[in-house]
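S.K.: The structure is given below, and queries will be raised subsequently.
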Amino acid sequence: MPHIQAEGAKLYYEEAGSGAPIVFVHEFADDCRGWEPQMRFFSRRYRCITYNARGYPPSEVPSDPALYSQDMAADDIAAVLRGLDIDKAHIIGCSMGAFATLHFGLRYANMARSLVVVGCGYGAKKDLRGAFTNDAQTFAASFLEKGMAAVAAAYSVGPTRVQFQNKDPRGFAEFQERFLNHSAEGSGLTMGNVQAKRPSLYDLEDGLGRLKVPTLLITGDEDEPCLDANLYLKRTIPSSGLLMLPRTGHAANLEEPAVFNQAVAEFLAMVEEDRWQLRDPRSVSDSALIAAPDKS
């Protein structure tokens, strides 16, 4: 099995296709297999790489909690690129992977051709921060104390997952089976040290306001914890566009693969042709009818 050495852990990866590189970064409840609809579609034109985060076998599962953090999650993307001798790539991440993708853009903008940030926002709202942290810590302890199956079965049918279950029971069953077979230790350490301790998006406003890497934000309209956060990201990141998918929950790439793939393909084509520009500042106006002054 191919692995890349990152700080404190070896990361398992897969790749397919040739062309401009894309790296897919998975969510907490899934692994690299959750990107299969995208790997098959985009590898026809791109060099597609996906990997398992630390804590997700066959990547290594470090037992030291200090080897799990939001910064390390972003650093791991850079380690994958360096390990494959890639200078710059399109980075596409979902949920936990979306946070890693966004932080990668902030920390390694020179290595990012573009960012696709899917389902980003859990725990971001300042007034709900304490409740989210408590929930994350409780789940982290539960994975370690009760085991994977006891916790993951209920987690996988949360309020932003039932949309997937209703649309595609077969696909949902495959997703759930992957999740239930993850490492309880790796899941607990990830939840307790990445999710529970990551900074709020609202604390990153200065950096996000300077982010010039082309960015596509994607969220489902029933992914309630992400809605306000994505509007905030759209208003803050000058290089961003926002796509909201109707009657869709958290795993948009699995729930609506055809719409997702088409939208991302168009975005990547725009980026490759240098046609994805910063937001026109005239559109940021105090008036709904009168454009802001052109200061160029």
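Here, each number is a calculation from the coordinates, and none is a lab measurement. Everything numeric in this text was worked out from a predicted model, so none of it was measured. Positions of Cβ are generated from backbone atoms using ideal geometry, with glycine treated the same way; all protein chains shown enter the neighbour counts.
S.K.: Count the net charge of all other residues whose Cβ sits under 15 Å from the Cβ of residue 21, scoring Lys and Arg as +1 and Asp and Glu as -1.
M.R.: +1
S.K.: Also, quick follow-up: Calculated from DSSP H runs of 4 or more alone, at -39500 (n - 2.57) each and per residue, what is the 222 nm mean residue ellipticity of the chain, nearest 500? Numbers along the way, then the final one.
M.R.: Values: 12 runs with 122 residues, N = 296.
Taking each H run of at least 4 residues, the total per residue is -12000 deg cm²/dmol.
S.K.: Suppose R0 equals 22 Å; then what is the FRET efficiency for residue 283 and residue 212 from their Cβ-Cβ distance, rounded to the nearest 0.05?
M.R.: On the way: r = 17 Å, r/R0 = 0.77.
Step by step, r from the Cβ atoms, then E = 0.85.
S.K.: With contacts defined as alpha carbon pairs under 8 Å and 6 or more residues apart, what's the relative contact order of the stretch 154-289 in percent?
M.R.: 25 percent
S.K.: Give me the percent relative contact order of the stretch 10-78, please, defined on Cα pairs under 8 angstrom at least 6 residues apart.
M.R.: 39 percent
S.K.: Ok, one more. Sort 276, 35 by Cβ crowding within 10 Å, fewest neighbours at the top.
M.R.: 276, 35
S.K.: Quote the relative contact order of the chain in percent (integer), defining contacts as alpha-carbon pairs under 8 Å separated by 6+ residues.
M.R.: Reported as a whole number, the value is 18 percent.
S.K.: Write out the trypsin sites (Lys or Arg not before Pro) in the stretch 181-278 meeting two conditions: DSSP loop, and at most 13 other Cβ atoms within 10 Å of their Cβ.
M.R.: 210, 212, 247, 275
S.K.: Of all DSSP beta bridges in the chain, what percent run antiparallel (nearest 5)?
M.R.: Roughly 25 percent of the beta bridges in the chain run antiparallel, per DSSP.
S.K.: I've got another one for you. If you take the charge dipole of the stretch 187-265 about its Cα centre, with +1 on Lys and Arg Cβ and -1 on Asp and Glu Cβ, which of 257, 244, 216 is farthest toward its positive end?
M.R.: Working it through, the farthest residue towards the positive pole turns out to be 216.
S.K.: May I ask what percent, to the nearest 5, of DSSP beta bridges between residues of the stretch 1-147 are antiparallel? Show your work: numbers first, answer last.
M.R.: Working: 8 of 23 bridges.
In the stretch 1-147, approximately 35 percent of DSSP beta bridges are antiparallel ones.
S.K.: A further question on this structure: What fraction, in whole percent, of alpha-carbon pairs in the chain exceed 29 Å separation?
M.R.: 30 percent
S.K.: Please check which bits of the stretch 174-214 a label hung off residue 134 would reach, taking the label as a point 7 Å along Cα-to-C-beta and the cut-off as backbone N under 20 Å.
M.R.: The answer is 191-200, whose backbone nitrogens lie closer than 20 Å to the label point.
S.K.: Using a simple spin-label model with points 7 Å from Cα along the Cα→Cβ vector, what separation in nm is obtained for residue 141 and residue 247?
M.R.: If labels sit at residue 141 and residue 247, their model points lie 4.1 nm apart.
S.K.: Nearest 0.05, what FRET efficiency do residue 36 and residue 88 give at R0 = 25 Å with Cβ-Cβ as r?
M.R.: Rounded to the nearest 0.05, the efficiency is 0.55.
S.K.: Multiplying the sequence separation of residue 200 and residue 181 by 0.36 nm and subtracting their Cα-Cα distance, what value in nm do you get? Can you show the working numbers first?
M.R.: Numbers: separation 19, 0.36 × 19 = 6.84 nm, distance 2.97 nm.
The residue 200-residue 181 span can extend by a further 3.9 nm.
S.K.: Please give me the summed charge of the neighbours of residue 64: other residues whose Cβ is under 12 Å from its Cβ, Lys and Arg +1, Asp and Glu -1.
M.R.: -2
S.K.: Quick check: the distance between the Cα centres of the stretch 263-287 and the stretch 1-54, to the nearest angstrom?
M.R.: Each part's Cα centre sits 26 Å from the other's.
S.K.: Right, here's the next one. Quick one: order 86, 22 by neighbouring beta-carbon count within 10 Å, fewest to most.
M.R.: 86, 22
S.K.: Kindly put 54, 279 in sequence by how many other C-beta atoms sit within 10 Å of each C-beta, fewest to most.
M.R.: With the sparsest Cβ surroundings first, the list reads 279, 54.
S.K.: Let me ask something additional. Count the net charge of all other residues whose Cβ sits under 12 Å from the Cβ of residue 182, scoring Lys and Arg as +1 and Asp and Glu as -1.
M.R.: Result for the neighbourhood of residue 182: -3.
S.K.: Rounded to two decimals, what is Rg over Rh for the stretch 7-161 when you use alpha-carbon atoms and the Kirkwood radius?
M.R.: 0.97
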